[in-house]
Amino acid sequence: MPSRWLWIGGAIVLIAVVLFVGRRPSLLPPSRSDRSAGASADRADSHRSDSDRSAALIIDSDWDRLRLRSESEFLRLFRADDRAALNRLTSRTLRGALEEIGISRELIDERPGTAAAAGVGRAPVQWKIQVPPRASLFRVNDAVTQAILTLGGRVVRGVERPAQIAGVALDLRVGYGDRVTHAIVIEPNPAIADAGTQIAFIALDLNRDSEPLFRAFLESPIPLTIALRPGQPGLARTAREIREADREVFLQLPMEPIGYPKVDPGKDAILLDLSRVEIEDRINRCLASVGPARGIITRMGGAAVNDPDVMRAVLGEVKRRDLLFIDAHGGGPTLVEEMGEEMGVKTLTLGGTLDMSGATVVAIRARLRQLVETATQRGTLVVSFRASMLTLGVIESERGRLAEQGIEIVPASRLVL
């Protein structure tokens with residue numbers, strides 16, 4: 001009796017699996033009888049693109065895993081001579097796993113010649129995959145491993161080695177038993193940006209001395225952040241017009257540099273010998289002169305940003321007003337990031353500048369491309385430049401190319417919000 005009920009239970013489970021698998025279109029190629037069902041169906045299928053026939057398979061549930069495992073076992077047991085079918089199923093499953101972690105099919109180069117040049121060994125399927133520099137090779141390895149295990153296969157080999165361009169490459173061999181079906185090399189490429197890469201441009205020293213220049217910045221399609229220095233004539237009106245043009249306003253706060261007083265940061269500068277109350281009063285006066293602002297960016301400040309008492313007072317006022325603080329003092333040590341994290345203040349460090357002596361369009365464009373590479377590696381970057389028609393023109397001309405690379409130009413405050 002137990003044996004009889006065991007057989008009945010097994011039959012019920014088998015029927016349920018068959019019915020479930022039969023509910024959806026099969027992942028296997030259609031049979032000959034299916035292909036000859038009608039001439040019209042054949043003609044429609046002949047126009048279907050290769051990408052449609054080899055679309056990625058996304059695993060959404062345990063039932064999907066069961067279906068994939070069943071089809072993989074069927075191909076290996078009953079159609080062992082048709083290795084191409086198993087390779088197609090494996091490719092579609094691996095692509096689905098990679099798409100789940102943000103690696104689209106466009107990043108997978110399946111040309112054997114290109115793959116061989118990248119060091120991909122002999123295998124029926126050879127892939128070279130280029131990823132952004134910040135992509136996690138661990139996540140890629142885990143995604144491929146889980147996908148091949150779902151199919152009943154395994155990772156035959158997985159090693160890291162120096163990449164051809166920069167960084168470390170991941171070299172994987174996956175398959176079934178000792179037979180390798182896919183040789184995959186994943187390499188970082190600095191030219192590829194992460195989907196979330198953002199770059200902010202902060203224009204400095206913009207004023208109304210040149211009305212055409214001022215209007216060009218207000219009407220530019222670039223979402224610029226404009227930093228204003230206190231003490232300029234007509235500052236309140238200038239700041240108001242910038243805000244009315246839907247531009248983000250920052251205060252360019254003068255702070256004591258190395259070499260003070262020989263190097264003068266300007267009126268109402270934050271100096272080392274000031275008390276906490278005096279520092280707060282100067283920040284309040286400077287902010288009042290520009291009106292509502294989204295943040296503060298330093299002007300000079302090489303000495304001030306390394307004084308804990310000064311920075312505690314400055315960052316305390318920044319936090320009280322819920323502003324963003326950008327350290328733009330240049331190279332060298334700074335306490336801003338460390339103290340900002342300790343005090344819970346939103347801080348950023350300037351990533352670079354487009355200013356250079358004897359600047360030309362070619363030089364500015366070359367410098368911008370260097371900064372874009374840095375942005376793709378870090379994910380975000382703040383760039384400053386002195387307001388000029390030349391630099392603004394270069395940024396506007398490069399806007400389309402940056403968008404094609406997946407880089408979004410945003411106001412500075414967006415980098416921390």
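One table, with the values for the structure above:
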item: Size of electric dipole in the range 284-417: Cβ of Lys, Arg +1 and of Asp, Glu -1, about Cα centre, debye, nearest 20; result: 400 debye
item: R0 of 41 Å, Cβ-Cβ distance ARG240-ARG276: FRET efficiency to nearest 0.05; result: 0.85
item: Accessible area of the range 151-221 divided out per residue, in Å², using a probe of 1.4 angstrom; result: 39 Å²
item: Backbone HN-Hα couplings from phi across the range 275-285 [Karplus 6.51/-1.76/1.60, Hz, Gly and Pro as x]; result: 7, 4, 5, 5, 4, 5, 5, 5, 5, 4, 5
item: Extreme residue, positive dipole direction of the range 167-289, given options PRO190, ILE283, LEU172 (C-beta unit charges); result: ILE283
item: Fully extended contour minus Cα-Cα distance, from SER136 to SER61, at 0.36 nm per residue; result: 24.6 nm
item: Dipole moment magnitude, nearest 20 debye, the range 136-176 about Cα centre, only Lys, Arg, Asp, Glu C-beta charged; result: 100 debye
item: Surface share of carbon and sulfur [accessible, 1.4 angstrom probe, percent] for the range 124-193; result: 53 percent
item: Estimated FRET transfer efficiency (GLU211, ARG386; beta-carbon r; R0 22 Å; 0.05); result: 0.80
item: Cut-off 12 Å between beta-carbons: net charge of the residues surrounding MET389, Lys and Arg +1, Asp and Glu -1; result: +1
item: Carbon + sulfur, % of accessible area of the range 335-412 - ligands and nucleic acids excluded, 1.4 Å; result: 49 percent
item: Furthest towards positive pole of dipole, PRO333, GLN377, SER388, structure part the range 284-393, Cβ charges; result: SER388
item: Per-selection Rg to Rh, the range 347-417 - Cα, Kirkwood hydrodynamic radius; result: 0.94
item: Cα centre as origin, Lys/Arg/Asp/Glu Cβ charges: the range 159-219 dipole, Debye; result: 280 debye
item: Qualifying trypsin sites (Lys or Arg not before Pro) in the range 233-278, DSSP loop, other Cβ atoms within 10 Å at most 16; result: LYS262, LYS267
item: For the range 289-417, alpha-carbon Rg over 2.2 N^0.38 Å; result: 1.14
item: Protection proxy ranking, peptides 82-89, 62-69, average beta carbon neighbours within 10 Å, highest first; result: 82-89, 62-69
item: Portion, in percent, of the accessible area of the range 229-271 that falls on carbon or sulfur, probe 1.4 Å; result: 49 percent
item: Accessible area of the range 334-417 divided out per residue, in Å², using a probe of 1.4 angstrom; result: 49 Å²
item: LEU324 long-range amide H proximity, modeled H, under 5 Å; result: GLY295, ILE296
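The values are calculated or read from the model by the stated rules, or taken from the named source; none is laboratory data. Because the structure is predicted, anything quoted here is derived from the model rather than measured. Methodologically, a virtual Cβ is constructed for each residue, glycine included, from the backbone with ideal geometry; neighbour enumeration extends over all protein chains shown. Accessible surface areas use protein heavy atoms only, side chains included; no ligands, DNA or RNA. Shrake-Rupley method; radii C 1.70, N 1.55, O 1.52, S 1.80 Å.
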